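Just below is one structure, and these are the notes that go with it.
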Amino acid sequence: MTLDPRAAALAERALAGDRRAIARLLTLFDDDAPGAREAAATMAAHAGKARIVGVTGVPGSGKSTLVNALLGAWLDRGLQVGVVAFDPSSPISGGAVLGDRIRMGEHGANPNAFVRSFSARGELGGLSRAARAAIDCFDAAGFDRVIVETVGTGQSETRIAALADSRVVVCPPGLGDDVQALKAGTLEIADVLAVSKGDLPLAEQTAQEMREMLSLRRSPAAGTWKPRVVVVRALAEGGITGLLEALEAHALSVEAGRRLREGPGRRLGAIPDPASIAAGDADGWRARLQALAERDGLCATLGITVLAGGPGRSEVAMTVDARHLNFNGGCHGGALFSLADSAFGLASNSHGPLASGIDAHITFQAGVRAGQRLVARASEVSRSRRIAVYRIDVVRPEGDGGETAVSSFTGTVSIKA
């Protein structure tokens, strides 16, 4: 791998802790400029020591205020802290206000702090494509903590789950019925649920609702982390003590570097080459298919996630919610088709050459309601040099370990050399 001389010099200086070089390298990643991918790989090779804390939640929940409080608390302890904050981009101009950095301005002069804002650049998932490279940069440059604040998110924007060692979901008081809507997505990735604005009357009630929600989940296996619920008052002195204690406890149960064990598919949008993945490497194939799915806007919009895969096969899942319902209150046939079609597209493109669908048929066997989880499994039936045929089965897992058949899908692709 030949590294652009300018990018190589920036990477070398950033590894030595040069703040100006770090700033320029982050801009290189954000623009995906020449040398960015090679420089990102260089920084990733030296990463793995910092604790990465992801902070996500709905818009207006108080994420930036909480991040500012965490930043101040860790700086008071003498730690070096980097902040990667993502702001939504305008669908018209493509620009972003980058207001998160304004809220953290009080710590800007601290030599142990480095706050960098990014525009999401239209990417779904609450982050931008440069997120992992930016995190690796701070990690490799010697920072002790890296806080990643996502765009204000809904229930499907869960990309932070693969990048952060500890995930904090910020919930404002008085969520009410919104808890039901959120719990199928963002809340499920939380290691710590932080009820913000703890001085408001509904804060304790919301915290209790969160604890009750967690009690309904399947009990975690022995030795695994059980998510905690804390009430925070980020503007009050000592108001985040409980959050700090929860994060420290979680750090003892989960080693740093979660993202570095997820495979190479998340690095600046790179997709692992199928030729480099052994047939039995389940994690490698999953990483490849996950990277493909992240480039698919419909997968992100519908909350479709990759469970497994391999040469000519894939397995994806979707939890049905309000987005997927038709006017009769059942799961829309188009949503079922999209789930099956996503599995079809991933399986047919798993080999590497671009495959384009030319024919598809679907049948339906059972209805689906909100809150139910669906799994689509695609497998290759036949493949020639130009044509391949796939079968996709959509099932609904049941509580007794069985499955109910929901729909069957067959598809044919034309393979482009």
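The values are calculated or read from the model by the stated rules, or taken from the named source; none is laboratory data. Remember, it's a predicted structure, so these values are computed and weren't measured experimentally. Every residue, glycine among them, receives a Cβ derived from its backbone with ideal geometry; neighbour counts consider all protein chains shown.
The table for this structure:
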| quantity | calculated |
| --- | --- |
| Qualifying positions in the range 123-149 - outside any helix (DSSP H, G or I), under 20 Å from Asn68 (Cβ atoms) and at pLDDT 80 or above | Phe143, Asp144, Arg145, Val146, Ile147, Val148, Glu149 |
| Test: residue in the range 175-185 that is at pLDDT 90 or above and among the hydrophobic types (A, V, I, L, M, F, W, C) | no |
| Where Asp359 falls short, out of the listed (1) part of a strand (DSSP E or B); (2) within 16 Å of Val406 (Cα to Cα) | (2) |
| Residue that is acidic (Asp, Glu), in contact with a strand residue (DSSP E or B) (Cβ under 7 Å, 6 or more places away or on another chain) and modelled with pLDDT of 95 or more, where the choices are Asp393, Asp359 | Asp393 |
| Any hit, the range 86-93, residues being modelled with pLDDT of 85 or more and either farther than 30 Å from Ala207 by Cα or surrounded by fewer than 20 Cβ atoms within 10 Å (Cβ to Cβ) (or both) | no |
| Residue, farthest from Ala194 (Cα to Cα), within the range 17-65, restricted to residues that are in a strand (DSSP E or B) and at pLDDT 90 or above | Arg51 |
| Number of the exception - Ser350 against (1) modelled with pLDDT under 95; (2) assigned to a strand (DSSP E or B); (3) among the hydroxyl-bearing types (Ser, Thr, Tyr); (4) in contact with a helix residue (DSSP H, G or I) (Cβ under 7 Å, 6 or more places away or on another chain) | (2) |
| Members of the range 311-336 that are part of a helix (DSSP H, G or I) and surrounded by fewer than 18 Cβ atoms within 10 Å (Cβ to Cβ) | Ala322, Arg323, Gly333, Gly334 |
| Candidates Ala335, Ala388 - the one that is of a type in the set (Gly, Ala, Ser) and touching a residue at least 40 places away in the same chain (Cβ under 8 Å) | Ala388 |
| Residue satisfying all of: in the range 109-122; out of contact with any Phe, Trp or Tyr (no Cβ under 9 Å at 6 or more places or on another chain) and part of a loop (DSSP other than H, G, I, E, B); modelled with the lowest pLDDT among these | Gly122 |
| Residue satisfying condition, being of a type outside the set (Asp, Glu) and surrounded by fewer than 22 Cβ atoms within 10 Å (Cβ to Cβ), within set Ala347, Ala376, Ala366, Ala343 | Ala366 |
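Listed here are the residues, each with its yes/no results for (1) within 26 Å of Gly108 (Cα to Cα); (2) touching a Gly at 6+ places or on another chain (Cβ under 6 Å); (3) surrounded by 15 or more Cβ atoms within 10 Å (Cβ to Cβ).
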position	(1), (2), (3)
Asp4	no, yes, yes
Ala14	yes, no, yes
Arg19	yes, no, no
Leu25	yes, no, yes
Leu28	yes, no, yes
Asp31	yes, no, no
Gly35	no, no, yes
Glu38	no, no, yes
Ala41	no, no, yes
